[in-house]
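Colleague: So that we are looking at the same thing, I have put the structure below in structure tokens.
The numbers here are math on the coordinates, done by the rules we state, and not lab data. Only a predicted model underlies this, so the values are computations on that prediction, with no experimental measurement involved. Cβ coordinates were reconstructed from backbone atoms using ideal geometry, including for glycine residues, and neighbour counts include every protein chain displayed.
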């Protein structure tokens, strides 16, 4: 019974959101506000039960029990510092004293900066350059169109190399894009246009897939018109 | 108002209606679609197929219901392939909705007779560790200790009590990570931390919006890429577990053709109007 | 205190993370594990801050009877209802178990609203394709052409349209080549550029040159 009610509510909320396509209306506004409130509640509850409760509350509880039982000071007391920093973060809501939230914010920014400094260099720069600089000509019998050659040319790797190099030249704004640099950047522009075109095609695919999923729910799960 | 003017000033609600029709009608039809398998999808399927039975794999569900329509089929198919191959699946997520979506996918996977025949058990063949906040810091922490990062499963039970987690310290105990991702945090973070830092093999199922951006990681940093619903359909085709990805391909094809036609018609109308304006401008200049 | 301590904290934490990469042993490994756990907890509070701020703003709208205040009331009521159900009526840590009231809210309210919000984008992308995408010059034409080839090549209809061509030379193969060669090259160039920028910004943050995250004086 609850399942049936749930499906009807889901369907009506879906139609409520879709009503915006005709024009803005109070039903859509209500559904939008409901979404915002329920999302906020969802995150609020999930973060408590899955993060704050097991990592902060239970750890401190276990440390306190150990201390009360005469077991001495446990290393889990260190979590108290993170709890204090967390509460400092919430003090941003206060009209005065909100500056104290900069301390935990500095923590997060510092950790992210330290992590990104290494990982972006390793994974997104050096690894990518490594994968671009591959042998383009190797020994063996190959051909160019119908013309036999005494070596192999990896044309795909060649185009990837050319595209990456010219694309980087395009983004290098410290030199003027004239003469040779300008021509190179222009080639890079063409590769980037193909990249953006591919992204556009995939974006259309993504959005249509989401719509198909919604219509499938309406026709199959709600109205039982398809199987 | 000429036909050209009507085309140029077409109320966008007519476009919405045409899209709705082009997506709806194929859902009532059935037509066999030939789905060609790309090397990116084969990379994932072959990697999973070659893992020894009993290997632990991580299914990282980093998406929410907003993206579920196109990538949930990937989660379902991966679970079906992994469980029927007797792999041990550790589910977790960097998005709070991810593990819950994985639960929904698991319920669907368990209805497949081939999976039901294997009779996978919670805590032995699979486990759901739930969500942890912190984005990439979570992956970094897992590299040091997975049980310390996820001390309790999604139901609040101590993970050390489950056989599947016995002997699991860090990524060295994990044979493969399959990340189903809709954005940040997701595939990029898994490649940067679990892949390049802790040398774990990674495969990804991404939304079609994100997929083009992760191609540079393939094939060295990623064993494979499932891009959008087409990627899901290919994965279903190659593993033999047909699902929503395959079923929706007809609707997807129709939608794409309609969008291409929209662009063509829009451009034709634009160029015709530009030519008309030049002609009018020439006539005015001449007179 | 207001600026010096946060700048020092940013630098200290950042340096620990960098050093630990090169010296993954004690004491740096232990320090980083501790900092990782702290960051996870602080991150949870940071999201709580966002949620509570939303409630504060909505509450302010309702109190002042600002324009659209009934919708702010809906936000507050739905937030409170979801939170109360999740905290007290869904089995505590088992709040996501199938069949709990919280799970019902997720499947019947949150799921359809979230999915439909994003599904609406399909209509807008189609409308934009018709009204805005114009092949005004060579670059735009190339972009549209690549888009067409990928859109048609990535669905079965593309191979059906080109089935007269030999296998290996059909639209799906062309789309695959576009994704694996020119797209990969362009994305790689963008990726390397962003990586270098990120590294530079991270270094500036650790060294205290960049102070934007601390905001203005209060």
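Colleague: If you fit an axis through the alpha-carbon atoms of helix B:249-286 and take the longest principal axis of the Cα set of chain B, what angle between them do you get, 0 to 90°, nearest 10?
Modeller: Between helix and principal axis, roughly 30 degrees.
Colleague: Other chains' Cβ within 10 Å of B:80-91 residues: what's the mean?
Modeller: Rounded to a whole number, the mean comes out at 0.
Colleague: Could you calculate the FRET efficiency of residue C:62 with residue A:64 from 1/(1 + (r/R0)^6), where r is the beta carbon distance between them and R0 is 35 Å, rounded to 0.05?
Modeller: The formula returns an efficiency of 0.30 here.
Colleague: Another question about this same structure. Between 0 and 90 degrees, rounded to the nearest ten: what's the tilt of helix C:182-206 against the longest Cα principal axis of chain C?
Modeller: 20
Colleague: Grab every C-alpha pair in the stretch B:145-257, bin the distances at 10 angstrom width from 0 up to the longest one, and report whole percents.
Modeller: 13, 34, 31, 19, 4, 0
Colleague: Counting pairs of alpha carbon atoms under 8 Å apart in space and at least six apart in sequence, what relative contact order in percent does the stretch B:1-156 give?
Modeller: That works out to 19 percent.
Colleague: When only C-alpha pairs under 8 Å and at least 6 residues apart count, what is the relative contact order of chain B, in percent?
Modeller: Rounded, it is 24 percent for chain B.
Colleague: For chain A, take the longest principal axis of its alpha carbons; what is the angle in degrees between that and the long axis of helix A:58-68, to the nearest 10 within 0 to 90?
Modeller: Result, in degrees: 50.
Colleague: Let me ask something else. Within 10 Å of each Cβ in peptide A:138-147, how many partner chain Cβ atoms are there on average? Round it to a whole number, please.
Modeller: Across A:138-147, the average partner-chain Cβ count within 10 Å equals 0.
Colleague: Work out the FRET efficiency for residue C:97 and residue B:264 from their Cβ-Cβ distance, taking R0 = 51 Å, and round it to the nearest 0.05.
Modeller: After rounding to 0.05, the efficiency reads 0.50.
Colleague: Which value in deg cm²/dmol, rounded to the nearest 500, describes the helix-derived mean residue ellipticity at 222 nm for chain A, given -39,500 (n - 2.57) per DSSP H run of n ≥ 4 and division by the residue count?
Modeller: Taken over chain A, the calculation gives -21000 deg cm²/dmol.
Colleague: Within 10 Å of each Cβ in B:191-204, how many Cβ atoms from other chains are there, averaged over the peptide?
Modeller: Whole-number average of other-chain Cβ neighbours for B:191-204 is 2.
Colleague: Give me A:99, B:14, C:177, B:190 ranked fewest to most by other Cβ atoms within 10 Å of their Cβ, as a rough exposure proxy.
Modeller: Ordered from fewest to most neighbouring Cβ atoms within 10 Å, A:99, B:14, C:177, B:190 come out as B:14, C:177, A:99, B:190.
Colleague: What do the square roots of 5 times the Cα gyration tensor eigenvalues come to for the protein assembly as shown, in whole Å, largest first, as semi-axes of the equivalent ellipsoid?
Modeller: Rounded to whole Å, the semi-axes are 42, 32, 29.
Colleague: For chain C, calculate the relative contact order in percent as a whole number, restricting contacts to Cα pairs under 8 Å that are 6 or more residues apart.
Modeller: 18
Colleague: Before rounding to the nearest 500, sum -39500 (n - 2.57) across all DSSP H runs of length at least 4 in chain B and divide by the residue total; then give [θ] at 222 nm in deg cm²/dmol.
Modeller: Value at 222 nm, helices only: -15000 deg cm²/dmol.
Colleague: Would you calculate a helix-derived [θ] at 222 nm for chain C, using -39,500 (n - 2.57) for each DSSP H run of n ≥ 4 and dividing by the full residue count, to the nearest 500?
Modeller: It lands at -24000 deg cm²/dmol.
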